[in-house]
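The structure appears below as structure tokens.
The values are calculated or read from the model by the stated rules, or taken from the named source; none is laboratory data. None of these values were measured; they are calculated from a predicted model. Note: ideal-geometry Cβ built from the backbone for every residue, glycine included; neighbour counts use all protein chains shown.
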Amino acid sequence: MTRLIWSGFKTGLGSIKNSNQTTQLLITSRLGSLGSTGNKDHVGRVGKTECFSTTGAVMIKTKKQKKEIERQRLKAAEAKATLRTSLKLRQKPDPILGYSTQIPKAHLNWENCELNKLIVKKEDVWAGKIGPVELDDPLQPKTPIDRNNQQDKEGGASLVLNFGLNENEHQKAILFDGLPKMKELIKIKNKPIFDPSLTEPLPSDSDSIMNEQDEEDLKKLRLMRILDLRNSNSKGIDKFIKLRILKAFSPKDHLHPEKLDPGCSEVQAAMITYRIHAVLDHAWQNRRDKDSKRHLSDLVMKRMKILKYLKRTNPKSYFELLPRIGLEPRYLKDELIVRAKLPLRPGESLD
């Protein structure tokens, strides 16, 4: 029995040795096919990669990285869209003012425009802070009126006539040169051709002539005070400003240079813009005045309709008009929505 067990054990060991020899022969033959015995490490690494695979772990890590990259990309795109929207809203012109209140120094578009230079404040008019107007020839002898004008100029005041007479030289000549001489012409006309008193003048004639001249000068001075813009009320100043706007924004006709067109789109848009700023100044001072806010909304809608009509009929005049009345070129690019909250004052920040 013991011999049988021992013989079986020997047979098993022999079979194991034979299998080891065959595997060694296979390995040597493979190494021979590779061409050299120095590639054993490479063969070992190849065997290891064949036996142990890490492909699954690598794939799981790549998926996580892809998800993280996609999340970061979406986050960056969302941040860019938010920044683009905020910049667009910041640069969007205010529907009332016509320029953006979020950009510093954007209010200079209105302060430097032609329309704002034509508008004068009531306080400045009553203080006489408007440019002086020369009425008489400086070579002529000075009258009480000239002395009064000289005093006004030296004191910082100036004379501006009301009712559209400031820039009309013909009407000024009739009022201040023609009317005072009418009395003398009437006297000469009523006198007979052969008047004995003309041959022998009395000694008191020179004094009477001087008195009459002083009286005529005083009449002229009183008329100038009546027509002076400094003595007018708010309605008179408003008419004076509207007349200046009408003369500045009326289309120029070479055949009729003095012809004014109050119905053209340029004049209407400038007039409404002037009214908008006047109502807005009142609303800034009276925050609880809701009627002014409704009036502002109506005026903005009227100006929008006029500008759209002008843009459709005459695009060149439209783009030339916008900087003249203090509006930015992209004013009508987006929809105009008038909010209940008033816009910021020029130079006022959100803080």
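Do we find a residue being of a type in the set (Phe, Trp, Tyr), at pLDDT 80 or above, within 29 Å of Pro343 (Cβ to Cβ) and not in a helix (DSSP H, G or I) anywhere in region 105-116? The answer is no, given that none of the residues of region 105-116 is of a type in the set (Phe, Trp, Tyr), at pLDDT 80 or above, within 29 Å of Pro343 (Cβ to Cβ) and not in a helix (DSSP H, G or I). When region 215-229 is filtered for residues that are basic (Lys, Arg) and either more than 20 Å from Lys129 (Cβ to Cβ) or outside the structural domain of Leu161 (by TED's automatic domain parsing) (or both), the ones remaining, listed by number, are Lys219, Lys220, Arg222. Evaluating Leu115 against the criteria (1) surrounded by 11 or more Cβ atoms within 10 Å (Cβ to Cβ); (2) closer than 16 Å to Tyr331 by Cα leaves one unmet condition, (2).
Where in region 227-340 are the helices (runs of 4 or more DSSP H), entirely inside, with at least 1 residues that are over 23 Å from Lys117 (Cα atoms) and of a type in the set (A, V, I, L, M)?
Numbers: elements: 234-249, 265-285, 290-313, 315-324.
Output list reads 290-313.
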